[in-house]
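The structure appears below as structure tokens.
The values are calculated or read from the model by the stated rules, or taken from the named source; none is laboratory data. Computed from a predicted structure; not experimentally measured. Quick reminder, even Gly has a Cβ in these numbers, built from the backbone with ideal geometry, and neighbours come from all protein chains shown.
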Amino acid sequence: MKIMFVMVKEDYIDPMNIELLSAIAKREGHETFLNVLEHDNLMEEVGAIRPDIVAYSAKTGESNVMFRANRAIKATYKDRIFTVMGGPHPTFNFMRMQLYGEDLKLPLTFSGPAMPRVVEDTQLDALVVGEGDEPWPAMLKALAGGGSLDGISNVVTRSNRRPDGSVALQERNMALDDLPYLDRDVVYAKTRLKEFGMRSLMAGRGCPFPCTYCFNAKYNAMYKGKGKMLNRYSVDRLLAEIEDMVRRHPTQFIKFYDDVFVFRTDDWLVEFADKYPRAVGLPFHCLVRSDLVRRDPEILTYLKKAGIKSISMSIESGNPFIREQVFKRGMDAEDIRFAFELCHKQDINTFSNTILAVPVPVIPDPRDPEFDRKAKDLCSHLESYHRMNLGALRAKIDLSAPLDAAAGRKIVEYLESLGLRRRVIDYDVESIDINIQNKVVFGEFPELHPYPGTPVSQYTIDVGAFDGDFEKLHQNYQTESPFTCFTAQDKLEQVNLSLLGLVLLVFPSWRNLVVNHLIKRRWTKLYFIMYYLAKSYLIGTKIYPMRYSAGHILRTIKESFFSELLKHSREEGERFYQKRKGLNAPPSEVLGGPWQS
Amino acid sequence: MAELAGEFLAERLNSRQLLALLFVCECQRKKTTGALSFQSGAKPAAWTEFTDRFGARLAKLPEAERVYLIGSHLQSVETVDIYSNAELSELLEQHSALLAGLVCELEQDCRF
């Protein structure tokens, strides 16, 4: 069979999902092709190649573009081409994705965090939920033989869809060594990645941590009882693939893209540190967690021995209330300080993500005539919603009685000790400060955007900052905050800080000038230029240092400038969701509040 | 199988039991289980260091989130499949006496 994979646009990271599925398909004796919607003519290529299967792997946001492409294919070719989509979007939204020839009725309620309440008209023939490579060989065999996919786990078709919205999943793949090497050829034949010196791959699968902005907690709940959560390639198998890749594609730098590359110093890491320098010997980058480094500092010793150049350790917030109560990071400031200091001692360049513009309550002003009520409401919110124990405060103050000045001061002090702050911008400044204090080499400071199905999105709805209308969000998440709890001035300062935060990592002495003056100005375009220059410098020299010809550098600057501009542009952003079909339910039944059709 | 019916032994354990199990797994990995003794009121240094480390992280978290976080460490750093009832019950039986003692220690510590 001929299989055509479709992706929306190129990135600097290998699309490992497509590369793996293509490798498996080739192993099974099929031909594979790639169409990049950004620069290829889809219908022309489909007409020329006449694929039997068109396959998509979709993240939420880009899924709409793929649906449009698929509707065009099905309108012309109908049953002559089988189309299927896997990836994060169908994994978490399959219950509301209407298939080709299907009249889907949504269940009235979804359990778990807020999801959009609209049916998506995909015109796909099948969806794959969870790990797509597991059912893929069985799917290919069935389709090649003209059989049905209905009995294959992880696969949703119009005839096997269960009314309760559940899906049968296979056990987790615990034998990663049996997988073929990624098929980079199918991607490099059509993209600039061929000339890019950094190659991405993963040493394993799985992340057990419950960070609320991430899909892993929900994913792990789906796979509960279906095998070990963390699975890795053997060191020999991993290195053999890298050696093969380096032989066939010019490579200067390796990026291990695992959510967490290592959890502790174990036999695997010791073996990797011993063999990688001899077998590969290229500088590399990986992601770890600060708390794990503090728990087991030898992790860094072995990574250094292996030849690590730069490391990602996300801070996510400098504010303890946000870090623990909103993001559930499970690490404290000392973990962060310890891990970053150790990286500096080991001469490992650090990269951190920190999320700004998080809706959190502020401490009321004691001069406010309504201070008494607001302070008590806030304490009540902390106890009832966050389930925080305010026993220490209640032991000092009777919260049922009117507050005098002394009691007011005690409450303010207590709330400050929990991490609450007096102004909205204080939280973000604290996040910038922790990056400066820990001498983070390169940092990104995106603003929080509520992705459907994540616990933090539900939180933003619960606290009244977001109305649950995911459709009005932009695909680009580095733009103005969507939350209603922020004023226009707050939003301006957040956008400016998200750009200038990186500049401050290069020029930390500008901190007061930026925080007290520059973020208040409407000079965002200038700040974008400063951000772009700082990012180019740090990424190119400290995080992923590589050597290129002058022509390649100029081309990369041009492409990356426009790519960054798009990420930060409100106007250019594709709408996150398009309203297609509403529910036959009154607005009050719509999860997250009413929406207008 | 119990797992298929959604009956996971791990979901019947509280945060103190899981934290005690995490400590035992860490000691087992470091091969220091034999050196653990709470006799004569003295606490092993490894236990003090462990409870200090987790005390700060867990103190402000409600029970459900404590359970999740400790479970994350058990599944990653200690590579225990806590959703395999057979694997978990074997561990619990193997160290039942030590675990019972550690849980008592945690019950007397206001951080947990």
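The single residue among A:Pro402, A:Pro369, A:Pro364 that is crowded, with 18+ Cβ neighbours inside 10 Å and part of a loop (DSSP other than H, G, I, E, B) turns out to be A:Pro364. Residues that are of a type outside the set (Val, Ile, Thr), in a strand (DSSP E or B) and modelled with pLDDT of 95 or more within the stretch A:118-134 comprise A:Gln123, A:Leu124, A:Ala126, A:Leu127, listed in sequence order.
B:Val24: within 30 Å of A:Glu171 (Cβ to Cβ), in contact (Cβ under 8 Å) with a residue 60 or more places away in the chain and either within 11 Å of chain A (Cβ to nearest Cβ) or of a type in the set (A, V, I, L, M) (or both), yes or no? Taking the combined requirement at face value, the residue satisfies it.
Within the span defined as the stretch A:216-238, every residue fails to be in contact with a Ser or Thr (Cβ under 9 Å, 6 or more places away or on another chain), more than 14 Å from chain B (Cβ to nearest Cβ) and either crowded, with 19+ Cβ neighbours inside 10 Å or not in a loop (DSSP other than H, G, I, E, B) (or both). Taking A:Asn35 as the residue in question, decide whether it is touching an Asp or Glu at 6+ places or on another chain (Cβ under 8 Å), surrounded by 21 or more Cβ atoms within 10 Å (Cβ to Cβ) and not hydrophobic (A, V, I, L, M, F, W, C). Answer is yes for this residue.
Selection of the stretch A:193-215 for residues being among the hydrophobic types (A, V, I, L, M, F, W, C) and part of a helix (DSSP H, G or I) yields only A:Leu193. Within the stretch A:281-319, the set of residues being within 14 Å of chain B (Cβ to nearest Cβ), at pLDDT 95 or above, in a helix (DSSP H, G or I) and more than 21 Å from A:Tyr257 (Cβ to Cβ) comprises just one member, A:Glu298.
Here A:Lys190 qualifies as away from every other protein chain (no Cβ under 14 Å) and either under 30 Å from A:Asp125 (Cα atoms) or in a loop (DSSP other than H, G, I, E, B) (or both).
One line per residue, one yes/no per condition, for (1) closer than 18 Å to A:Val128 by Cα; (2) out of contact with any strand residue (DSSP E or B) (no Cβ under 9 Å at 6 or more places or on another chain); (3) not β-branched (Val, Ile, Thr):
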| position | (1), (2), (3) |
| --- | --- |
| A:Glu28 | no, yes, yes |
| A:Phe33 | no, no, yes |
| A:Leu37 | no, no, yes |
| A:Glu44 | no, yes, yes |
| A:Ala55 | yes, no, yes |
| A:Lys59 | yes, yes, yes |
| A:Ser63 | yes, no, yes |
| A:Met66 | yes, no, yes |
| A:Asn70 | yes, no, yes |
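When restricted to residues that are within 28 Å of A:Glu564 (Cα to Cα) and either free of Cβ contacts under 8 Å to residues at least 40 places away in the same chain or outside any helix (DSSP H, G or I) (or both), the stretch A:10-54 contains 15.
Table: residues versus (1) touching a Lys or Arg at 6+ places or on another chain (Cβ under 9 Å); (2) surrounded by 14 or more Cβ atoms within 10 Å (Cβ to Cβ).
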{"residue": "A:Asp133", "(1), (2)": "no, yes"}
{"residue": "A:Val155", "(1), (2)": "no, yes"}
{"residue": "A:Arg162", "(1), (2)": "no, no"}
{"residue": "A:Val186", "(1), (2)": "yes, yes"}
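In the stretch A:390-397 there is at least one residue matching the filter, namely being away from every other protein chain (no Cβ under 14 Å), of a type outside the set (Asp, Glu), assigned to a loop (DSSP other than H, G, I, E, B) and more than 20 Å from A:Glu316 (Cα to Cα).
Identify, from the list A:Val441, A:Val456, A:Val463, the residue that is surrounded by 18 or more Cβ atoms within 10 Å (Cβ to Cβ), closer than 21 Å to A:Val362 by Cβ and hydrophobic (A, V, I, L, M, F, W, C).
Numbers: A:Val441 fails: closer than 21 Å to A:Val362 by Cβ; A:Val463 fails: surrounded by 18 or more Cβ atoms within 10 Å (Cβ to Cβ).
Among A:Val441, A:Val456, A:Val463, only A:Val456 is surrounded by 18 or more Cβ atoms within 10 Å (Cβ to Cβ), closer than 21 Å to A:Val362 by Cβ and hydrophobic (A, V, I, L, M, F, W, C).
A count restricted to the stretch A:1-29 and to residues that are closer than 22 Å to A:Asn70 by Cα and crowded, with 18+ Cβ neighbours inside 10 Å stands at 15. Within the stretch A:461-480, the set of residues being assigned to a loop (DSSP other than H, G, I, E, B) and at pLDDT 90 or above comprises A:Val463, A:Gly464, A:Ala465, A:Phe466. The set of residues from the stretch B:40-75 being aromatic (Phe, Trp, Tyr) and over 22 Å from A:Asn389 (Cα atoms) comprises B:Trp47, B:Phe50. Here is a check on your reading of the model: is A:Thr251 of a type in the set (S, T, N, Q) and away from chain B (no Cβ under 14 Å)? Against the criterion (of a type in the set (S, T, N, Q) and away from chain B (no Cβ under 14 Å)), A:Thr251 qualifies. Just to verify a result, which residue in the stretch A:323-338, among those that are within 8 Å of chain B (Cβ to nearest Cβ) and not in a helix (DSSP H, G or I), is farthest from A:Val440 (Cα to Cα)? Looking at residues that are within 8 Å of chain B (Cβ to nearest Cβ) and not in a helix (DSSP H, G or I), I get A:Lys328. Against the numbered list (1) out of contact with any helix residue (DSSP H, G or I) (no Cβ under 7 Å at 6 or more places or on another chain); (2) at pLDDT 95 or above; (3) polar (S, T, N, Q), A:Gln458 comes up short only at (2).
Among the conditions (1) touching a Phe, Trp or Tyr at 6+ places or on another chain (Cβ under 6 Å); (2) within 30 Å of A:Pro450 (Cβ to Cβ), the only one that A:Leu393 does not satisfy is (2).
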